[in-house]
Amino acid sequence: MDFQSHNSLAVLTFPAEEGYPRLTRNVLRELGELLATIRRESPFRGVVIASSSESFAIGADLEEIITLDGVTGRDFALAGQALFNSIEHFPLPVVAAIRGFCLGGGLDLALASRGVGAQGKDGKPFRLSANNQLFSQKDYSLQPDFLDTLAAEYGAGVRLLDLQSAPEPSRQSINSWVENNTEGLIPEKERFREDIGHFERITNAVLVNWLLRDGT
């Protein structure tokens, strides 16, 4: 990232390079370090994250992604989420100056900057939150490539349950995850109810997706 000061603004610009800017591990680390420096120094009144001459960021580098295993892939996803969260709650206004494409993680980055100063109906800052969890039958075999993709692309792991032989404890475990990971916004009556939450003997997996957009 190129770092310049302009009229009391810290301007972070994606560098001109072959192809469109990507959110690699190095870029995420560099952007995080620059923001930490800006937070410590007093002259700045705001931050601009700007496109290169061609485009804003268009997401992760797939060539880098395929080299990650499950652990490093999850670490990469968590690092990105932590960076976007820090931008959303940054003490100075943060603006995304977009030229050209803005896709994938680049869109997350732009939305995080938009959230500064905005509030949702609950009075909390603007936020776009996503959470994914796969619950799998404990003796069901999942392919390593699938697990790696799940961690790298969705920041999700796998919880093993006995869906087929212990459906009620499994239902309670799923509902417990929902209660703890959805900010209490899904009432109990809308969760996995006993009257409709039964599993068949052929049930091998349950996927839970949670997406929240709250702000103005």
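The values are calculated or read from the model by the stated rules, or taken from the named source; none is laboratory data. These numbers come from a predicted model, not from an experiment. Here the Cβ is made from the backbone with ideal geometry for all residues, glycine too, and neighbour counts use every protein chain on show.
Before moving on, here are some points about what is shown:
- Members of region 42-61 found to be among the aliphatic types (A, V, I, L, M) and in contact with a strand residue (DSSP E or B) (Cβ under 8 Å, 6 or more places away or on another chain), listed by number: V47, V48, I49, A50
The rows are residues; the columns are (1) assigned to a loop (DSSP other than H, G, I, E, B); (2) modelled with pLDDT of 90 or more; (3) among the β-branched types (V, I, T); (4) within 23 Å of F146 (Cα to Cα).
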site: E33; (1), (2), (3), (4): no, yes, no, no
site: I38; (1), (2), (3), (4): no, yes, yes, no
site: F44; (1), (2), (3), (4): yes, no, no, no
site: S53; (1), (2), (3), (4): yes, no, no, no
site: A57; (1), (2), (3), (4): yes, no, no, no
site: E64; (1), (2), (3), (4): no, no, no, yes
site: L68; (1), (2), (3), (4): yes, no, no, yes
site: G73; (1), (2), (3), (4): no, no, no, yes
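- Scanning region 160-216 for residues that are over 14 Å from N131 (Cβ atoms), outside any loop (DSSP other than H, G, I, E, B), acidic (D, E) and modelled with pLDDT of 75 or more yields one hit, E168.
- Leading residue by the ranking (surrounded by the fewest Cβ atoms within 10 Å (Cβ to Cβ)) among those in region 86-111 that are over 22 Å from P43 (Cα atoms) and either at pLDDT below 70 or acidic (D, E) (or both): L111
- Flag if A16 is under 29 Å from L150 (Cα atoms), modelled with pLDDT under 85, in contact with a Ser or Thr (Cβ under 8 Å, 6 or more places away or on another chain) and part of a loop (DSSP other than H, G, I, E, B): no
- Qualifying residue in region 25-42 (condition: crowded, with 19+ Cβ neighbours inside 10 Å, in contact with a Ser or Thr (Cβ under 6 Å, 6 or more places away or on another chain), within 28 Å of V71 (Cα to Cα) and in the same structural domain as I66 (by TED's automatic domain parsing)): no
- Note on region 23-51: residues that are farther than 18 Å from F90 by Cα and touching a residue at least 40 places away in the same chain (Cβ under 8 Å) total 4.
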